[in-house]
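Contents: one structure, followed by commentary.
The values are calculated or read from the model by the stated rules, or taken from the named source; none is laboratory data. Fair warning: this is a prediction, and the values are worked out from it, not measured in the lab. No Cβ is skipped: glycine too gets one built from the backbone with ideal geometry, and neighbour counts run over all protein chains shown. To get the accessible areas, we keep the full protein, side chains included, count just its heavy atoms, and leave off ligands, DNA and RNA. Shrake-Rupley method; radii C 1.70, N 1.55, O 1.52, S 1.80 Å.
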Amino acid sequence: MSASLSSLPMSSSSSATGAARPRVAIVGAGVIGLALGWKLAAAGCAVELFDAGAAGMGASHAAAGMLAACAEAEPGEEGLLALTRESQMLWPGFAAELEAASGISVDLRTEGTLTIALTADDGARLRHLFAFQQSLGLPVEWLNPAETRRREPMLTRQIAGAVFSPEDHQVDNRKVATALKIAAARAGAILHEQLPVRRVASTGGRAEGVLAGETLHRADVVVLAAGAWSRGVDITPAAPLPVRPVKGQMLALAMDPAAPLLSHVLWAPGSYLVPRKDGRLIVGATTEEKGFETALTAGGQLALLTNAWRALPGIEELTILEQWAGLRPGSRDDAPILGPSPEVEGLIYATGHHRNGILLLPVTTALISALILRGERASLALPFGAERFAPRPAAE
Ligand code: GLY
């Protein structure tokens, strides 16, 4: 049975309207944790955020910031689409509100995404993807080579075709993290950095806070939003979450902001390219199962650069600004884990966002805030509960 939030003990913290609000401990100060800290503190909750490192410096820092619900829709992930599309719709309002709350621009760019095919084989694969996207009713458009190059004149001449996704935008995820840190602090959330949470403390199946170092920080509600590190937090008697790190190597090149080589987000065979307003060109990403190892490899970087160069030969002249690797929090079915712990009352999960953490930020914030503040478990969130991983009874 799902834990109900309506029976949570309320602390003395109260909202602007005088309604009692729970004290909340959030484990993980990536964009998801920070956004929840911001919204919950703004609603009158006493919020403490904990991060084992520096806030916003995990997957939130490593990501590319693509809001690509359509271009990244994959067969088998149709269930996720309702969530990704809803979040995509929420992004402009979320960005505007965050910019107002923090005073920081998050550089939401709305040129859309091009997915290109270079060879005849790529073209056949892309036609197949396009048919799948159309079968889902997604807003996508097939472009012939001339139309593709008209939109992006610096692309290679060897183009077999492209899919244009006019609603797949991008945001500067690092600016989002910085803005959220400011907004959360302004709203009154307390941030503890370099302070790993070892355990979610609970008595009689009810969460009572988090143990960080030797100190118990009491809370009525604990949110586990530690991304790839979520499994490392002891949540006994709840079962450990099936979340694992999925490594992605990336790099950034320096374009001339006055004469950028690219304006759309570009998916090319074997890599994607994300042009920032400031001239940085983000190139990503490998997908590697290497545990928590984040080493850069010659092979990984070579593959990214080669694939990016095939699509956009002009990158050859660009300076490399930065190379890095991040860890996506992949769940067993690659969908996020959102909602109450079935085993521990007052423990809530907001993790496992895999490739979609930045895209799913607004919807995750809205769903988990509504759960904590009003006890609402929206139907949109129901397919993503931790219950789906519970062992099934053996068939008779
Ligand atoms: N969403 C892009 C990535 O995970 O690399």
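For Val246, the criteria (1) away from the ligand (no atom under 16 Å from the Cβ); (2) crowded, with 18+ Cβ neighbours inside 10 Å hold in every case but one, which is (1). When each of Glu293, Glu288 is tested for being acidic (Asp, Glu) and open to solvent by 30 Å² or more (accessible area, probe 1.4 Å), the lone residue that passes is Glu293. In this structure, Arg310 does satisfy being open to solvent by 40 Å² or more (accessible area, probe 1.4 Å), under 18 Å from Leu118 (Cβ atoms), away from the ligand (no atom under 14 Å from the Cβ) and touching a residue at least 60 places away in the same chain (Cβ under 8 Å). Could you look through the range 32-61, keep only residues that are crowded, with 23+ Cβ neighbours inside 10 Å and within 16 Å of the ligand (Cβ to nearest atom), and pick out the one that is farthest from the chain's Cα centre (by Cα)? So the residue we want is Gly58. Tallying residues that are part of a helix (DSSP H, G or I) and either aliphatic (A, V, I, L, M) or without any contact (Cβ under 8 Å) to a residue 12 or more places away in the chain (or both) within the range 131-146 yields 4.
Any residue at all in the range 359-370 that is free of Cβ contacts under 8 Å to residues at least 12 places away in the same chain and of a type outside the set (Asp, Glu)? Yes, because at least one residue in the range 359-370 is free of Cβ contacts under 8 Å to residues at least 12 places away in the same chain and of a type outside the set (Asp, Glu).
Restricting Gly76, Gly93 to residues that are open to solvent by 10 Å² or more (accessible area, probe 1.4 Å), away from the ligand (no atom under 13 Å from the Cβ) and not in a loop (DSSP other than H, G, I, E, B) narrows the list to Gly93.
The residues in the range 149-205 that are among the hydroxyl-bearing types (Ser, Thr, Tyr) and without any contact (Cβ under 8 Å) to a residue 40 or more places away in the chain can be counted, and the count is 1.
Would you point out the residue of the range 231-243, among those that are β-branched (Val, Ile, Thr) and more than 16 Å from the ligand (Cβ to nearest atom), that is most open to solvent (accessible area, probe 1.4 Å)? Please lay out each step first, then the result.
Going through the range 231-243, the residues β-branched (Val, Ile, Thr) turn out to be 233, 235-236, 243.
When the remaining residues are screened for being more than 16 Å from the ligand (Cβ to nearest atom), the result is 233, 235-236.
Details: Val233: 12, Ile235: 7, Thr236: 87 Å².
Here the answer is Thr236.
Count of the range 243-302 residues, restricted to those that are in contact with a helix residue (DSSP H, G or I) (Cβ under 8 Å, 6 or more places away or on another chain) and acidic (Asp, Glu), is 1.
Would you confirm whether any residue within the range 369-386 is within 16 Å of the ligand (Cβ to nearest atom) and either basic (Lys, Arg) or closer than 24 Å to Val246 by Cα (or both)? No; the residues of the range 369-386 include none that is within 16 Å of the ligand (Cβ to nearest atom) and either basic (Lys, Arg) or closer than 24 Å to Val246 by Cα (or both).
For the range 341-354, the criterion of being surrounded by 16 or more Cβ atoms within 10 Å (Cβ to Cβ) and closer than 30 Å to Glu152 by Cβ is met by at least one residue.
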